[in-house]
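Below you'll find the structure, written out as structure tokens, and then a few comments.
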Amino acid sequence: MREWWHWSPTQDDRLESFGIVGVGRFGTAVCQQLLQNGAEVLAVDRSARAIEELRQQLPSVEARVVDCTDEESLREAGILAMNTVVIAISEPIEASITATLIAKDSEGTRVRRVIARATSDLHEKMLKRVGADRVVFPSRMQGERLGLELVRPNLMERLELDERHCIEEIKVPNRFVGRSLRDLNLRKNYRVNVLAAGPAKELTVNPPASHMLVEDNVLVVMGLIDDLQDLPKD
């Protein structure tokens with residue numbers, strides 16, 4: 001595994017990359033969803049034990065022990081070169097606020113979006129004041145959901161039927177706009193079934209093959225989770 005203190009961005013790096021600061025249950029759940037969807041992930045935590053446990057659970061993850069309240073340490077690790085940073089630590093409150101401020105306001109930072117975890121309404125207000133673009137409250141399931149949203153921004157709702165199948169409501173991907181269901185043939189090309197389509201509040205159930213997909217409309221599709229993840233993400 002390459003060491004992140006020797007990391008430097010190159011033209012070959014993916015356009016969308018994610019830094020996870022703090023790898024407790026919430027941070028680990030975010031990492032897992034991101035990695036499962038093929039995202040570039042860099043995880044850091046001040047606890048060597050937490051990093052080792054993360055590496056055992058997710059062997060492919062890039063992870064390093066870092067003082068998450070130290071600007072230069074986060075910079076050297078590569079966090080400030082990530083597109084999106086998730087501040088998954090919540091306590092002490094000062095640490096999450098400091099890490100958020102560093103990610104947003106450090107000189108030369110390339111971070112475009114910071115999503116921070118809060119434990120109270122006051123904590124949420126403080127995080128937003130120092131620049132957090134979005135604040136979430138802790139739970140493992142919410143961590144998994146956040147990771148999924150980050151790599152699939154057009155996903156609106158998901159209903160898991162079992163461990164392998166689910167129903168999803170997604171915004172019509174840009175590459176589908178102006179095309180008919182017949183032309184797209186999602187069952188053949190993506191192995192998913194279309195249950196409904198149209199404006200969010202006026203869905204047509206079991207739409208005809210001639211149905212044209214329109215920008216900002218939604219699709220309700222069903223299939224294997226792996227196949228649904230292959231649908232265009234925006």
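Looking at 219, 228, 213, which is the one that is buried (at least 17 other Cβ atoms within 10 Å of the Cβ), out of contact with any strand residue (DSSP E or B) (no Cβ under 6 Å at 6 or more places or on another chain) and not hydroxyl-bearing (Ser, Thr, Tyr)?
On the way: 219 fails: out of contact with any strand residue (DSSP E or B) (no Cβ under 6 Å at 6 or more places or on another chain); 228 fails: out of contact with any strand residue (DSSP E or B) (no Cβ under 6 Å at 6 or more places or on another chain).
Result: 213 is the single residue among 219, 228, 213 that is buried (at least 17 other Cβ atoms within 10 Å of the Cβ), out of contact with any strand residue (DSSP E or B) (no Cβ under 6 Å at 6 or more places or on another chain) and not hydroxyl-bearing (Ser, Thr, Tyr).
Could you tell me whether the range 163-181 includes any residue that is free of Cβ contacts under 8 Å to residues at least 40 places away in the same chain, surrounded by 16 or more Cβ atoms within 10 Å (Cβ to Cβ), of a type outside the set (Val, Ile, Thr) and assigned to a strand (DSSP E or B)?
Taking every residue of the range 163-181 in turn, none turns out to be free of Cβ contacts under 8 Å to residues at least 40 places away in the same chain, surrounded by 16 or more Cβ atoms within 10 Å (Cβ to Cβ), of a type outside the set (Val, Ile, Thr) and assigned to a strand (DSSP E or B).
Can we say residue 64 is part of a helix (DSSP H, G or I) and open to solvent by 30 Å² or more (accessible area, probe 1.4 Å)? Break it down into steps so the answer makes sense when it comes.
Numbers: part of a helix (DSSP H, G or I): no; open to solvent by 30 Å² or more (accessible area, probe 1.4 Å): yes.
No.
When the residues of the range 185-230 are filtered to those that are part of a loop (DSSP other than H, G, I, E, B) and on the phi > 0 side of the Ramachandran plot, which remaining residue is nearest to the chain's Cα centre (by Cα)?
Filtering first and then ranking leaves 216.
Does the range 107-155 hold any residues that are within 18 Å of residue 71 (Cα to Cα), in contact with a strand residue (DSSP E or B) (Cβ under 6 Å, 6 or more places away or on another chain) and open to solvent by 60 Å² or more (accessible area, probe 1.4 Å), and which are they? Break it down stepwise before answering.
From the range 107-155, those within 18 Å of residue 71 (Cα to Cα) are 107-116, 127, 130-132; that's our starting set.
Those still in the list that are in contact with a strand residue (DSSP E or B) (Cβ under 6 Å, 6 or more places away or on another chain) too: 111, 113-116, 127, 132.
Hit for the range 107-155 is 113, nothing else.
Does the range 25-35 contain at least one residue that is without any contact (Cβ under 8 Å) to a residue 40 or more places away in the chain and either under 19 Å from residue 77 (Cα atoms) or not aromatic (Phe, Trp, Tyr) (or both)? Spell out the reasoning first.
Of all residues in the range 25-35, those without any contact (Cβ under 8 Å) to a residue 40 or more places away in the chain come to 35.
Applying the additional criterion that residues be either under 19 Å from residue 77 (Cα atoms) or not aromatic (Phe, Trp, Tyr) (or both) yields 35.
Checked against the condition, which is being without any contact (Cβ under 8 Å) to a residue 40 or more places away in the chain and either under 19 Å from residue 77 (Cα atoms) or not aromatic (Phe, Trp, Tyr) (or both), the range 25-35 yields at least one hit.
To keep it simple, each residue is scored yes or no on (1) touching a residue at least 60 places away in the same chain (Cβ under 8 Å); (2) in contact with a Cys (Cβ under 8 Å, 6 or more places away or on another chain); (3) closer than 14 Å to residue 31 by Cα.
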{"residue": "53", "(1), (2), (3)": "no, no, yes"}
{"residue": "56", "(1), (2), (3)": "no, no, yes"}
{"residue": "65", "(1), (2), (3)": "no, no, no"}
{"residue": "85", "(1), (2), (3)": "yes, no, yes"}
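Condition check ((1) over 19 Å from the mean Cα position of the chain (by Cα); (2) surrounded by fewer than 24 Cβ atoms within 10 Å (Cβ to Cβ); (3) not in a strand (DSSP E or B); (4) not polar (S, T, N, Q)) across all residues:
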residue: 27; (1), (2), (3), (4): no, no, yes, yes
residue: 35; (1), (2), (3), (4): no, yes, yes, yes
residue: 56; (1), (2), (3), (4): yes, yes, yes, no
residue: 69; (1), (2), (3), (4): yes, yes, yes, no
residue: 72; (1), (2), (3), (4): yes, yes, yes, yes
residue: 90; (1), (2), (3), (4): no, yes, yes, no
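Testing residue 52 on (1) in a helix (DSSP H, G or I); (2) open to solvent by 70 Å² or more (accessible area, probe 1.4 Å); (3) under 30 Å from residue 155 (Cα atoms), one condition comes back false. Which one is that?
The number of the failed condition is (3).
The values are calculated or read from the model by the stated rules, or taken from the named source; none is laboratory data. As the structure is a computational prediction, the values presented were derived from the model and not from experiment. Virtual Cβ from ideal backbone geometry, glycine too; neighbours counted across all protein chains shown. Heavy atoms of the whole protein, side chains included, go into the accessibility calculation; ligands, DNA and RNA do not. Shrake-Rupley method; radii C 1.70, N 1.55, O 1.52, S 1.80 Å.
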